[in-house]
Amino acid sequence: MKTLQFIFKLMLVASVLFSCGNSSGGSSCSADNQGNVLRFKKYTYVDQQGTGLPAFSFLMPSDWAFEGGISWILDNPAMPAVTAFRVYNPKGKEDFEVFASHCYFWTNNLQLLGMFPPGTKYFGSTVKKPITAQKALRNIILTEHRNGFPDLKIIKDEDVPELPKALGAGKQAQGYGSSGATGAKLRVTYTSNGVPMEEEFYAVVESMTFPIQGMYGTTYNTIWYVDYIFSFKAEKGKLESHTQVFQTITSSFKVNPPWFAKYSNVIEYMAQQQITHIRSIGEFSRMLSQMSDQISDEKMQQFESRGDVYDKVSQKFSDNTLGIDRYYDPHEGREVELPSGHNQAWSNNNGEYIVSDNPNFNPNVGSNLDWRPLEKK
């Protein structure tokens, strides 16, 4: 369930971002930052192509924009949907981007490779020999998404083992076969429309190898993914100054449980029916509407326990390191994480937030909205 896993675990990634020791980066950004005031709004993405339900929500600067979302491909039972989107500043160069996961297949069965050589599809997955996360970022992600910049230069290329550990990646085998994971980050510079840019990419490669008993002995098949692929970019020399904003976006991600139920049902349905392709989106929508909106007791327990584990892992990293403070939002009736270093925070009933260190600032002045102060936890 790579689409779900990415969204739900994204909040953990903030703990290892910008690990160059610049976690206390400034809070300047293109959001309303006049007088050290940052404005955020709650954005909810609705999965219109598939379930018709809200899939996830997060906070982003009030004047930023969202583009992309979830796409249902339905040619791969293991990953019937992929997530790709960007959250960006239309008036500046700051950009947080999520890239679609890649699913691959490999085998040492020469007869099978003869029928499905590298580059072809095997049950929806591209046949390709496994590589590390560092090589995946260089040879797959940069080639696909940043190949149009002739002056692109890699200035940092690092293995990040703590990334798959924090995400709990590479533990799928559970006694049958073997599994593993590698993590990496890659920082590049290039020129876009005459502006020098700096961008940092992150990714994890997960693999699971399992034995296949055949007439001529045992061969091994490997399913592997390049996932949790995302990047942050800004004008060259200004990337770290936007750390708090990027961390607020990632740490505020929430998944909608009813969407999780639908997505889980689709995977089970496709596995049981051995579906590799559904031609008609209309047929898919009708099938999906008949599925239960409820999560089974077992799935709900798994969903909640998984969330508890993620929260505990997140708490291992101090809020000070993450550059966030925790507040209680009376409108939402829940905890919310906002950039640290500000003395005051407010929310309104439209899901918008303001943080400020100006003691004389009051968002209710000149506004017809109900702004309420938040209590720091």
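The values are calculated or read from the model by the stated rules, or taken from the named source; none is laboratory data. Treat the numbers as computed from the prediction; the structure is a model and nothing was measured. With ideal geometry, Cβ positions are generated from the backbone for all residues, glycine too; neighbour counts draw on all protein chains shown.
Laid out as a table, the results:
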| item | result |
| --- | --- |
| Ile140 being in contact (Cβ under 8 Å) with a residue 24 or more places away in the chain, among the β-branched types (Val, Ile, Thr) and not in a helix (DSSP H, G or I) | no |
| Of all residues making up region 72-94, the number that are modelled with pLDDT of 90 or more and either within 14 Å of the chain's Cα centre (by Cα) or surrounded by 19 or more Cβ atoms within 10 Å (Cβ to Cβ) (or both) | 8 |
| Sole exception among (1) in contact with a strand residue (DSSP E or B) (Cβ under 6 Å, 6 or more places away or on another chain); (2) more than 17 Å from Lys41 (Cα to Cα) for Asn358, by number | (1) |
| Unique match (being in a loop (DSSP other than H, G, I, E, B), more than 23 Å from Gly68 (Cα to Cα) and either at pLDDT 90 or above or of a type in the set (Ser, Thr, Tyr) (or both)) among Ile131, Ile154 | Ile131 |
| Enumeration of residues in region 176-197 that are small (Gly, Ala, Ser) and surrounded by 22 or more Cβ atoms within 10 Å (Cβ to Cβ) | Ala181, Gly183, Ala184 |
| Extreme residue, farthest from Asn343 (Cα to Cα), among residues of region 354-370 that are of a type in the set (S, T, N, Q) and surrounded by 14 or more Cβ atoms within 10 Å (Cβ to Cβ) | Asn362 |
| Residue match in region 99-116 (condition: assigned to a strand (DSSP E or B), of a type in the set (S, T, N, Q) and under 23 Å from the mean Cα position of the chain (by Cα)) | no |
| Tally of residues being under 22 Å from Ser101 (Cα atoms) and either surrounded by 16 or more Cβ atoms within 10 Å (Cβ to Cβ) or among the hydrophobic types (A, V, I, L, M, F, W, C) (or both) across region 36-56 | 8 |
| Residue among Val195, Val204 that alone is more than 24 Å from the chain's Cα centre (by Cα), under 28 Å from Lys93 (Cβ atoms) and in contact (Cβ under 8 Å) with a residue 60 or more places away in the chain | Val195 |
